[in-house]
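Worksheet: the structure to be examined is printed underneath.
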């Protein structure tokens, strides 16, 4: 079968996408005539963990292929490759041996990387063209850069008059609306628009707009709103006059609804949420009204007036919504410029700028030119997790891929592209990854000149047991009906079903927490809904544990961090071991907190809170004499810093606050840790904290104050990596769980309404001629439907996208489970219209259909009996040894005279002598000389051309007539043997030759000048040897240089 140039693999959850990627990768390198075909392959994925997994699988597979007896799993893979390529198993083995040998020596060319790393590589290659310094650093902390830019702009208030007026007016508007006067949050949100590629097209229209132009647009919009208000009042008055002039009795209208509506408009109190009148039938007339025929005759005219009023109100509502967002937008250019300025000053480039830079500057360059700069020419491309590839990232890759697909190399090999993804797992729309991109490609779209394209569905779920697969198949097929968008409906209707593997059994449990009747429960005893969720989660864990699972088999998934934090606290209180993002936070460590308290005290000795917290740690870890409160109280009484410092020495905490303040940040922190944190408590948190301090110190050369500001803003995001192998329940967000699998998944709080994304904005098309802008930014809420037909269409499309994204999040959550899945939701009731609320609980209730009964809180699918065998965890974790002392700079000695000897004859003689010394460590008798020389060549100590010279020198030493006792074959020889002296010091003589009657012949090799300390060193060796009961018969020094000199002592 001919392989298509462009292969698309639709890989639902657990369908073996990594296996497929690795298999196709191996087929390319095994089929190639070259041993280094991997040089021409670029494989892209999205996380370092995924990169590591794919690289490991490729290397491990090749290594296993090369073995005489590969494992059964690898043998199966070899058989598959044989059946798909025709390569014999023997040839696969031989080719794998050659490839693995070549790959190990050229590992840097083994290009499996994250897309950000590849993009970084491209930008580095074009740094000069982009006017970037060659030494620029990459900043991953985009939000921190943005905060810095916002703060810098606000700090300019008072200097720039236009900016000052804008900020003051914005502050006044916010306070008038009963909101916080702090404008930084809104400006920050606008800044995020700049860095989010989803907004690149809309933002391009604002690039050349100054603050003054925005102020002008704003004033224009305010005037338009006033004009529209006046016009609608006049038209409503006109309609009421028409009714009056026709002699119509207002009581003839049913409940007076219609004239009341007109009066509200006339009084400037129009409410779009009230009843609107579009059709003849909408105007209700009392059946007994005597003037019914007159009313009916004027209804068309009244409806025409109202239609005009409604159209104007659509425009007015739109303008007013835009006015709420225009002030932060007017700062867009100022913010963008400030961001660029900060990056230039700090010699950094935000990772958020990568794709934009390539898109603007590099994409239009011819592909051969880009390859020339990169130093590699890629023929084959693999893209993993394609649904997470942003539109701009994809557009940036298309020219390179198109070039490969439409050309052949000298061997006649045509390029290929393989993308693997699942639009149902597309949950990163907010950063540019859109399910629609994969859906379009899987249908008719092909951006390449080469038309060869084929879709391959991976239909079997290899991860889960059949009860879990069956539940998810039925549940997500049911959810397809929730969509009105045909593509989205088709995705879940026809592409969510998965075939079973051979793992039979499994269990799914959907439960609901009971409704709370507040009238029946007293305030003291009442449990709120959160408490019920926490208790239900705890009980589920206990039930799973009782069924034979370990804690480490269980993961709890939450939509965001807030419920995860609540669950973590509740489980800790109940003695359940956990690993969560919160428990791994640096700030969760009392040792790290203590370091921060001391740094705060060093910054400001009047910070009594930090001093008290610092004392609390000392009271618990450094003294037993006083009760904790008494110890803290005594320390707090000492206001004078010197007295406080002297008092601390009584508990062996002896450091000078003043001296520490003079140290660099890292050195200061190291001293604090060495003096305050006990050795046994210098754990991973402390080590990671020191790494963070070092990075901050090196990159920013900042002091204590700067670091503390950084900590205030970022402490909630800084955490240590998750330890593997601990028997603890894992708590993580659904986004973090993507790509992972767990024996048991518990999904509590499954009733949130995710469509209520407060603060979200959308772009609506505006009349550029009228207001000077083609697009306007407005808050995303139901009001947008009242901004006109086009705005309503945009809003409803966004609603569909939100629904898809939220069902995708649910899909990711429910497909992580291998054996057991527990969903904990809440009971919800219908409203007055008979509708259930728009949240996730409704999905589960409607799915259960007739089986659902409000009094039944639990629904089971399958048996909860544990089927899988428990795997014994093998921990390969190594404990980092702790240092009891910090490095004393006085112990660092710089060889100041060494430079005098550079490139001199004396230096070369010393270097030669050192090499001979190193080779002699392998020589016990003259029989070892040839092997020692071979090892020296293999290890790169010498090259083949030096062999004869070195051999002659070593033979001269070994056969020296004065050294026969030292190289006697009758003696036991110890080269470079360590001796631990009674005082604890260590010595290591170069050579000890020991006779049967415990007489020792002691030899040491030296280079350079004869120095008295050489004799002293040998005498020290002699004392150590004789302390052990041996007798040193002879001791000698050999000076190795241009000649060999023997000195007997």
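Values for this structure:
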{"item": "Percentage of interatomic Cα-Cα distances in the range 173-242 larger than 14 Å", "result": "77 percent"}
{"item": "Cβ-based exposure ranking for 928, 490, in which fewest neighbours within 10 Å come first", "result": "490, 928"}
{"item": "Whole-angstrom gap from the range 996-1025 to the range 79-140, using each part's C-alpha centre", "result": "53 Å"}
{"item": "Value of [θ]222 nm, deg cm²/dmol, for the chain, DSSP H segments ≥ 4, -39500 (n - 2.57) each, nearest 500", "result": "-15000 deg cm²/dmol"}
{"item": "D (Stokes-Einstein, µm²/s), Kirkwood Cα radius, the range 17-86, 0.692 mPa s at 37 °C", "result": "256 µm²/s"}
{"item": "Inverse of mean 1/r across different Cα pairs in the chain, Kirkwood, Å", "result": "36.3 Å"}
{"item": "Largest-first principal axis extents of the Cα set of the range 350-437 (Å)", "result": "42, 28, 17"}
{"item": "Stokes-Einstein translational diffusion, the range 703-819 - Kirkwood Rh over all Cα pairs, 1.002 mPa s, 20 °C, in µm²/s", "result": "114 µm²/s"}
{"item": "Label-point separation, residue 1015 to residue 848 (7 Å along Cα→Cβ), nm", "result": "9.6 nm"}
{"item": "In degrees, nearest ten, helix 628-637 long axis to first principal axis of the chain (Cα)", "result": "90 degrees"}
{"item": "Degrees, to the nearest 10: 161-176 long Cα axis against longest axis of the chain", "result": "60 degrees"}
{"item": "Spatial separation of Cα centroids for the range 356-414 and the range 588-649, in angstrom", "result": "59 Å"}
{"item": "Taking only Cα atoms of the range 898-1048, radius of gyration then Dmax in Å", "result": "15.9, 48"}
{"item": "Size-normalised alpha-carbon gyration radius of the range 90-139, reference 2.2 N^0.38 Å", "result": "1.74"}
{"item": "The range 138-346 - Debye-derived log10 I(q)/I(0), Cα point model, q = 0.09 Å⁻¹", "result": "-0.54"}
{"item": "Overall dimensions of the range 649-736 as given by Cα atoms, namely Rg and Dmax in Å", "result": "16.1, 51"}
{"item": "With 5 Å bins from 0: P(r) over the range 9-152, alpha-carbon pairs, percent", "result": "2, 8, 15, 17, 16, 12, 8, 7, 5, 5, 2, 1, 1, 0"}
{"item": "Stretch gain in nm, segment residue 446-residue 407, where the contour uses 0.36 nm per residue and the Cα spacing is subtracted", "result": "12.4 nm"}
{"item": "Using alpha-carbon coordinates, inclination of helix 72-85 to the longest axis of the chain, degrees", "result": "70 degrees"}
{"item": "Compactness of the range 586-714 - radius of gyration and Dmax, Cα, Å", "result": "14.1, 44"}
{"item": "Residue order, fewest to most surrounding Cβ atoms within 10 angstrom, among 265, 228", "result": "228, 265"}
{"item": "Rounded FRET efficiency, nearest 0.05, which uses the C-beta distance separating residue 196 from residue 226 and R0 of 35 Å", "result": "0.55"}
{"item": "Paramagnetic reach from residue 914 (point 7 Å along Cα→Cβ, amide N under 18 Å) across the range 962-999", "result": "990"}
{"item": "Separation of the residue 501 and residue 33 label points, Cα + 7 Å toward Cβ, nm", "result": "4.0 nm"}
{"item": "Length added when fully stretched, residue 949-residue 983, from 0.36 nm per residue minus Cα-Cα", "result": "8.0 nm"}
{"item": "Gain upon complete extension [residue 274, residue 974; 0.36 nm per residue less C-alpha separation]", "result": "242.1 nm"}
{"item": "Two-site label geometry, residue 308 and residue 590: point separation in nm, points 7 Å out along Cα→Cβ", "result": "7.7 nm"}
{"item": "Mean separation of Cα contacts under 8 Å (6+ apart) over length of the chain, as relative contact order %", "result": "12 percent"}
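Each reported figure results from applying straightforward, stated rules to the coordinates on display, with no laboratory input. As the structure is a prediction and not an experimental result, all values here were calculated from the model. With ideal geometry, Cβ positions are generated from the backbone for all residues, glycine too; neighbour counts draw on all protein chains shown.
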